[in-house]
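Report on the structure given below.
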Amino acid sequence: MATIETIYLGDLRTEITHVQSGNKVITDAPTDNNGKGEYISPTDMVAAALGSCMMTLMAIAARRLEIELKGTRIEIQKVMAADPRRIAEIRLDFYFPCEYSEKDRKILERAAETCPVGKSLHPDLKQVVNYHYGCIK
């Protein structure tokens, strides 16, 4: 059985359905590639998947450590290259709502590094990760 089903809607859009849950996402070609940019682009989804994967693995580690990550956010920037058109770099800045011990920081960061999305991306795709700790106001 398929994990995901994708249907082309026309006008450079697709509808992606997660088969198990029935949840749907619509993608649109970006404005710099003939699209309207009204929905997330497939390459933006790759960058978002990397961030979500890293955050999820950190949350699993945080649960074991009995520390809270709720409110942590990631600012993600995707950098495209041409010839061939591809994602050249993904920059991720993690902003944590609280200060953590040095030991906990290392565990969280190592957990993020085990992300299977990141491990699946081509080694030429540069992944730049910065962690910002401290209470967010």
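Every read-out reported here was derived from the displayed coordinates using simple, explicitly stated rules and does not represent laboratory data. Every value quoted in this text rests on a predicted model; they were computed, and no experiment measured them. Note: ideal-geometry Cβ built from the backbone for every residue, glycine included; neighbour counts use all protein chains shown.
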Average Cα contact separation per residue, the stretch 79-136, under 8 Å, 6 or more apart, as relative contact order %:
55 percent
If Lys and Arg each add +1 and Asp and Glu each add -1, what is the summed charge of the other residues whose beta carbon sits under 12 Å from the beta carbon of Glu75?
+2
Summed residue charge, Cβ within 13 Å of Gly10's Cβ, Lys/Arg positive, Asp/Glu negative
-1
Divide by every residue of the chain the summed helix terms, -39500 (n - 2.57) for each DSSP H run of at least 4, and state the resulting mean residue ellipticity at 222 nm, rounded to the nearest 500 deg cm²/dmol.
-9500 deg cm²/dmol
Once each part is reduced to its C-alpha centroid, what is the distance from the stretch 48-66 to the stretch 106-135 in angstrom?
10 Å
Sort the chain into rounded, prolate or oblate with this rule: let a ≥ b ≥ c be the square roots of the eigenvalues of the Cα gyration tensor; rounded if a/c is under 1.5, and if a/c is not under 1.5, prolate when a/b is larger than b/c, oblate otherwise.
prolate
Which pairs break 25 Å Cα to Cα here: Lys36/Lys126; Lys24/Lys78; Lys106/Lys126?
Lys36/Lys126
The answer for Val129, listing residues at least 5 apart or on another chain whose modeled amide H is closer than 5 Å to its amide H, is Leu92
Relative contact order (%) - criterion: Cα under 8 Å, at least six apart; region: the chain:
19 percent
Rounded to the nearest 5, the percent of antiparallel DSSP beta bridges in the stretch 77-130 equals 50 percent
Share, in percent, of DSSP beta bridges within the chain that are antiparallel, nearest 5
70 percent
Extension gain (nm, one decimal) between Glu75 and Ile4, 0.36 nm per residue minus Cα-Cα:
22.9 nm
